[in-house]
Amino acid sequence: MNFPHHLTGLRNLEIENFKEIFKLAEVYKKKILNKTPFERKLKDKSVINLFFEDSTRTRTSFELAEKKLGMDVVNFSSSGSSLSKGESFLDTLKNIGSMKFDYIVIRSQESGTPAVCIKHTASKVINAGDGINEHPTQGLLDLFTLIEEFGSLKNLKVCIVGNISHSRVALSDIFALRKFNANVSVCGPLSFIPACIEGLGVDVYINIDEAVKNNDVLIVLRVQTERDAVSLLPSLNEYSKHYGINSDRLNLNPGIKIMHPGPVNINVEIDHKAAVSENSLIFDQVTNGLAVKCALFELMNEL
Ligand code: CP
């Protein structure tokens, strides 16, 4: 099966492509855990990590994957660039494109920027999160983590909790989980739930305790204060009281697993004890993010 030239989202990724990524990510996960040296399979390739929005996990795991595969890596962030002197996003992109990188990894606050990147450069483009649209590598690492934990996604009951309306992770996870016939729901105050969400084949919970009792996994999302999510709530304290994940709530379903894409607002959407509990897969997600990115680059290179 042909692998796509770019990865802009999971909505249109073929199920066979997911499976190829997960199979190879398993190989890379073993190498990472055993500290086995990597073959530098992409040593003649170059990549720029084009970050117009802050990041810890995505940026560092991309950079590490790229270096482990032997690529020439350049990191760009908007702060310190000529954007501050008035250069436009498009001119920035065209100048980057002129340097003929093999890959562009792009994160932006604006939805749709990976498509603009594809139009104005000849590089293979990977979306590292665009606005409130998609975050495909997060979706891939989330599914890989769930398969590792549960073996299969079929009929797995997964509830995505919190600030759905501002979340690119929610959309990528929903598109991907539905392809694998998982039973997907969302939970949060109505102000956080897009009106059209049921059209994506997901159920809606308003009551978090019901969601905890009825699901195998909660994917807890951050309240995106930088996108003015707080204006949709009476207060963060109220949100935490009604939707925050803590030990008392976990006791309603002691076997439930908890995930979170990060960064976490501790004591808002989840408390520290729950985040580091036996129920938590949060740090497995981060390790898996590295494995999945290595697999993705290798498969995109084989085109
Ligand atoms: N999950 C995620 O995208 O985290 P960062 O914003 O730190 O990259």
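The values are calculated or read from the model by the stated rules, or taken from the named source; none is laboratory data. Keep in mind that this is a model prediction, so the values were computed, not measured. Every residue, glycine among them, receives a Cβ derived from its backbone with ideal geometry; neighbour counts consider all protein chains shown. The accessibility values were calculated without ligands, DNA or RNA, using every heavy atom of the protein model including side chains. Shrake-Rupley method; radii C 1.70, N 1.55, O 1.52, S 1.80 Å.
Details
- Two-site label geometry, I266 and N251: point separation in nm, points 7 Å out along Cα→Cβ: 2.2 nm
- Residue of S46, S61, S84 that the Gaussian network model of the chain assigns the largest fluctuation, springs spanning Cα pairs under 10 Å: S84
- In angstrom, the C-alpha Rg and Dmax of the chain are 19.1, 56.
- One compactness figure for segment 119-204 is 1.16, namely its Cα radius of gyration divided by 2.2 N^0.38 Å.
- Here the contact order of segment 136-281, divided by its residue count and restricted to Cα pairs under 8 Å and six or more residues apart, works out to 23 percent.
- The heavy atoms of S231 present about 80 square angstrom of accessible area, all protein chains included, probe 1.4 Å.
- Fully extended contour minus Cα-Cα distance, from R40 to V27, at 0.36 nm per residue: 3.2 nm
- Qualifying trypsin sites (Lys or Arg not before Pro) for segment 88-189 [loop in DSSP, other Cβ within 10 Å: at most 12]: K100, K154
- Cβ-placed point charges (K, R +1; D, E -1), dipole of segment 136-281 about Cα centre in debye, nearest 20: 200 debye
- Three-way shape call for segment 14-86 based on the alpha-carbon gyration tensor, with the a/c threshold at 1.5: prolate
- Note on the chain: GNM, Cα springs under 10 Å; of F101, F150, F192, the largest mean-square fluctuation is that of F150.
- Placing pseudo-labels 7 Å out from each Cα toward the beta carbon at E210 and C196 gives an inter-label distance of 2.5 nm.
- Convex hull projection area averaged over all views, segment 136-281, Cα basis, nm²: 7.6 nm²
- What the Cβ-Cβ distance of E148 and F89 gives, at R0 = 35 Å and to the nearest 0.05, is a FRET efficiency of 0.40.
- Normalised by the number of residues in the chain, the mean separation of alpha-carbon contacts (under 8 Å, six or more apart) gives a relative contact order of 21 percent.
- Selection among I208, F180, M259 by position relative to the dipole of segment 136-281 gives F180 as farthest towards the positive end (Cβ unit charges, Cα centre).
- Across segment 195-262, the fraction of Cα-Cα pairs farther apart than 20 Å, rounded to a whole number, is 37%.
- Using just its DSSP H runs of length 4 or more, each adding -39500 (n - 2.57), the chain gives a mean residue ellipticity at 222 nm of -12000 deg cm²/dmol after division by all residues.
- Solvent-accessible area per residue for the chain (1.4 angstrom probe, square angstrom): 44 Å²
- Here the Gaussian network model covers the chain, with springs between Cα atoms less than 10 Å apart; of H166, H242, H260, H242 fluctuates the most.
- DSSP bridge pairs, the chain: antiparallel proportion in percent, nearest 5: 5 percent
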